[in-house]
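What follows is a single structure, written as C-alpha cells, with notes after it.
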Amino acid sequence: MYKKFVSTFAGLATGAALFVGSAAAQETVEVLHWWTAGGEAAALNVLKKQLEEEGVTWEDMPVAGGSGVQAMTVLRSRVTSGNAPTAVQMLGYDITEWADQGVVADLSDLASKENWDNVVPTALQKFSKNSEGQWIAAPVDVHSTNWMWANKKIFDEVGVEGDIKDWDQLIQVLDKIKEAGYTPIAYGGQPWQDATVFEAVVLATGGPDFYQKALNDFDEEALGSDTMKQAFDRMSKLHEYVDPNFSGRDWNLATAMVINGKAALQFMGDWAKGEFLRADMKPGEDFVCQRFPGTEGSVLFNSDQFVMFKVGEDKRDAQLKLASAVMSPEFQIAFNKVKGSVPARTDIAPDEFDACGQKGMKQLAEANDNNHLYGSLAHGYGAPSAVKNAVFDVVTAHFNGEYTSEEAVQALVDAVASAR
Ligand code: BGC
C-alpha cells in the first residue's frame, strides 16, 4: 500500500515538474467547507499541511454552520456568478444534484489509476459519481449519526454501567441524571440537529426496516403510521430533559456542555468525538461512546466528499493533487483519527484508531454485511434537499411545540408528498 502511495506522488511530482516553465505560478486550491469547530478545523489542518508539503497553497473558504446549510447557499452564489471554488465539501444528494448541473470535474483517470472503484465503499460510490459513472468527488470520511456521547464522570456518579440498551433504560438514566442536578441532554435546537436526533429515534422506535421505509423510501404508510407517532411522542419526551437555552445552540457548544460536566450526554454524529479529543479526553476513561440506545446493529451513515468543480487548466494539476491526497490511505488514517469519523476506504486496518473509532469501523462493516446500513436523512444521504428540508420543518415545529404528535404525522405525510 505504501509503495502505491509513494509511486502515486512520484508520478504527480514528475508531472508537476514538466509544468515548471509555464506554471511557475504557484499552485493553489480554493476549498469551500464548513469545518469551523475545534475538532473539525484540527482535522482539516491535516489536509492543508499535506498539500502545503507538496507545494500547493491552500486558500481557505470556511462557511460556518453545522451540516453545511449555509455553505450550500454560498456555493450556489459562487457557481451562479461563474466563480466556482476548486473543491467543495458536500454531502450525498447535494453532490448528485450539482453533478446534474454539468459544472463538476471528471476525476475518472485519477480514480482508475488509483483503483478507487475497488476501495471506496459501494454505498458511497453511488454519490461520488455522476449519472454517466464518472468519478466527480473524493470521499474524505464515513461519519455516522446514531451515536450517543456521555460524560463518564456523571455516568459513574449516577451508576450507569455498560451500554444503555433501550428506550426504557434511557429514560431511567435521564431521570437519575436530572435528580442528580445535571442537565440530562445537551441539545442544540437547530433544524438539522433536531433531525439528527429524530432519525435515531425513528430507527430505535421502528427498527431498521421501518427506518428504510420511512426515511429512505418515504413510503406513505410508514410516514403516517402509529410507529411514526410514537417516534414524535419520544421526541416530546426528550424535550423534558433539555435546558431552557437549547434553541439555536450550535452542536459543538452542546458538546462542550458534556465536556465541561454541565450536561450528561448528547445525541450527535461522531464528529462530536473530535471535540472530546481536542479537550484531551479519552474514550472509555473520560467520555463514553455508544449507539443511540436501541439502534445497535444499524448504522446511519453520511460521508463528507470533496466535489471537484470545473476549473481552468492552470488549476487542474493542483485539483488532482488534492483529490489524490484525500484518497491516500495515510491521509485517511491521519484525518479520520482527528475528525471522529472512519476511513472512506475498505482496505484500512483499525489498529491506529481509538476504541470508539474501532467500534465504528467494526459496526460499519457489520451493518454493511447485514444490509443494515442506511443513508442519514439529516445529513444528505436519505433524500434530495427538497424532501430533507420538508422533513426538517415538521420535526423542528413539533419539537418546539407547534404540533401535537398526531398533527406532526399528518404534516410529515403532506410535506413529503408536496416536496417529492
Ligand atoms: C458533516 C461533518 C460535520 C458536521 C457538523 C456533518 O454533516 O458530515 O463533517 O462535522 O456536519 O458540521
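Paramagnetic label reach from Gln358 (point 7 Å along Cα→Cβ; backbone nitrogen cut-off under 15 Å): within segment 270-285, residues 283-285. Here r is the Cβ-Cβ distance between Asp226 and Lys153 and R0 is 30 Å; the resulting FRET efficiency, rounded to 0.05, is 0.15. Of the beta bridges in the chain, as assigned by DSSP with both residues counted there, near 55 percent are antiparallel.
A simple spin-label model places pseudo-atoms 7 Å from Cα toward Cβ; at Leu253 and Glu330 they are separated by 4.0 nm. For the listed peptides 87-94, 398-405, a ranking on the average number of other beta carbons within 10 Å per residue, highest first, reads 87-94, 398-405. Per-residue packing, averaged as other Cβ atoms within 10 Å, sorts the ranges 186-195, 385-394 into the order 186-195, 385-394, beginning with the highest. Checking the Cα-Cα distances for Lys152/Lys388; Lys229/Lys282; Lys213/Lys310; Lys153/Lys237; Lys49/Lys388; Lys129/Lys388 against a 31 Å cut-off, the pairs over it are Lys152/Lys388; Lys229/Lys282; Lys213/Lys310; Lys49/Lys388.
What residues of segment 342-372 lie in the reach of a label at Asn118, counting those whose backbone N is under 14 Å from a point 7 Å from the Cα along Cα→Cβ? Counting backbone N atoms under 14 Å from the label point, the list is 346-348.
Extension gain, Glu240-Gln172: 0.36 nm per intervening residue step, less the Cα-Cα distance, totals 23.2 nm. If a/c stays under 1.5 just call it rounded; otherwise compare a/b with b/c (prolate if a/b is bigger, oblate if not). Do that for the chain, with a ≥ b ≥ c from the square roots of the Cα gyration tensor eigenvalues. Because a/c hits 1.5 or more and a/b exceeds b/c, the chain counts as prolate. Stretched out straight at 0.36 nm per residue, the stretch from Ser81 to Asn45 would grow longer than its current Cα-Cα span by 10.1 nm. FRET efficiency for the Asp163 to Asp286 pair, using the beta carbon distance and R₀ = 25 Å, is estimated at 0.90. Stretching Gln26 away from Thr57 to a fully extended chain increases their span by 10.4 nm, per 0.36 nm per residue minus the current alpha-carbon distance.
The portion of the accessible surface of segment 354-420 made up by carbon and sulfur, rounded to a whole percent, is 47 (1.4 Å probe; DNA, RNA and ligands excluded).
The values are calculated or read from the model by the stated rules, or taken from the named source; none is laboratory data. Owing to the predicted nature of the structure, the values given are computational and were not obtained by experimental measurement. When we count neighbours, we look across all protein chains shown, and the Cβ atoms used for this are built from the backbone with ideal geometry, even at glycine. What goes into the accessible areas is simple: the full protein's heavy atoms, side chains included, and nothing from ligands, DNA or RNA. Shrake-Rupley method; radii C 1.70, N 1.55, O 1.52, S 1.80 Å.
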